[in-house]
Amino acid sequence: MSVLPNAVRRADSVLVSGPPMSGKYELLVHILSAWAERPVMISTGRSAADVREDYERITGRSGDDLIVIDCVSHEQGTEHEDTATTKYVASAGNLTDIGIKFTNVVESSAGIERAIGIHSLSQLLMYWDAERIYQFTRVMAAQCSGEGWPLAAVIGSETHDKQTVHTLHEPFDLVVETRVTDDDRQFRTLDRVGGPSEWTSL
């Protein structure tokens with residue numbers, strides 16, 4: 001993909017927002033790998049094994065370097081015990097459990113620089129209203145900030161009403177929008193001061 005703009009590399013928190021098939025997930029993975037060598041993915045839609053396979057395919061780096069909080073496998077009926085690099089949550093709707101597992105990661109990460117990804121807020125909105133997910137995201141952002149870890153998340157811009165999407169923009173320093181034009185996938189940045197950047201091919 002194109003080189004990530006400095007606005008993304010320097011941001012403390014980024015929300016990737018766009019329609020289906022516009023490259024949101026791939027962009028999130030690129031952002032995490034640019035931010036840290038040993039990032040964390042809170043996965044609400046893919047198993048830990050799938051996330052690691054995706055990470056290797058997208059970045060060319062080892063999936064063993066990635067910690068995954070897997071919110072999928074138990075809901076699909078497969079039982080797993082937590083390991084050092086994979087934590088399992090009963091379902092994506094269990095925000096308390098997600099928070100506990102994330103705290104476990106924090107406690108075992110002394111001296112390690114990490115970056116945190118949530119894929120995706122849209123999945124969480126299947127279980128909770130926008131206000132509850134807003135509060136969850138604010139807490140996550142505060143925890144990450146306290147550790148000096150950047151946070152990125154994904155939301156489907158066409159999956160929810162505009163008010164919901166706008167509400168969930170608020171906890172983030174920077175919004176990255178994605179779109180599909182003809183056969184091209186593009187992104188641009190939106191900051192609170194400078195307005196939108198030019199569209200760039202992914």
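All of the numbers you see were taken from the coordinates with simple rules; none came from a lab. Because the structure is predicted, anything quoted here is derived from the model rather than measured. Counting neighbours? That spans all protein chains shown, and the Cβs are built from the backbone with ideal geometry, glycine included.
Structural remarks
- Remark: the Cα gyration tensor places the stretch 43-109 in the oblate category, a/c being 1.5 or greater and a/b not exceeding b/c.
- Ranked by how many other Cβ atoms sit within 10 Å of their own Cβ, fewest first, the residues M21, M140 fall in the order M21, M140.
- Local electrostatic count, C144, Cβ distance below 13 Å [Lys/Arg +1, Asp/Glu -1]: -2
- For the stretch 93-100, 3J(HN,Hα) computed residue by residue from phi via the Karplus equation (6.51, -1.76, 1.60; θ = phi - 60°) reads x, 8, 5, 4, 5, 4, x, 5 Hz, glycine and proline entered as x.
- Computed Rg/Rh of the chain, alpha carbon atoms with Kirkwood Rh: 0.94
- Fewest-first ranking of I69, I31, using other Cβ atoms within 10 Å as the exposure measure: I31, I69
- Angle of helix 48-59 to the longest C-alpha principal axis of the chain, folded into 0 to 90 degrees and rounded to 10: 40°.
- Partners for K87 among lysines (Cα-Cα distance below 23 Å; same-chain residues under 8 apart left out): K101
- Between amide H atoms placed 1.01 Å from N, distances below 5 Å from V154 occur with V16, I118, L121, all of them 5 or more places distant or on a separate chain.
- Annotation for the stretch 84-177: chymotrypsin sites (Phe, Trp or Tyr not before Pro) lying in DSSP loop with at most 14 further Cβ atoms inside 10 Å of their Cβ are Y127.
- Rounded to 10°, Cα long-axis angle of helix 130-147 versus longest principal axis of the chain: 80
- MRE, 222 nm, helices only [DSSP H, n ≥ 4, -39500 (n - 2.57), over the chain, to nearest 500]: -10500 deg cm²/dmol
- Close amide H partners of E75, meaning residues 5 or more places away or on another chain with modelled amide H under 5 Å apart, do not exist here.
- Relative to the longest principal axis of the Cα atoms of the chain, the long axis of helix 24-35 lies at roughly 80 degrees.
- Given charges at beta-carbon only (K, R positive; D, E negative), |dipole| of the chain in Debye: 400
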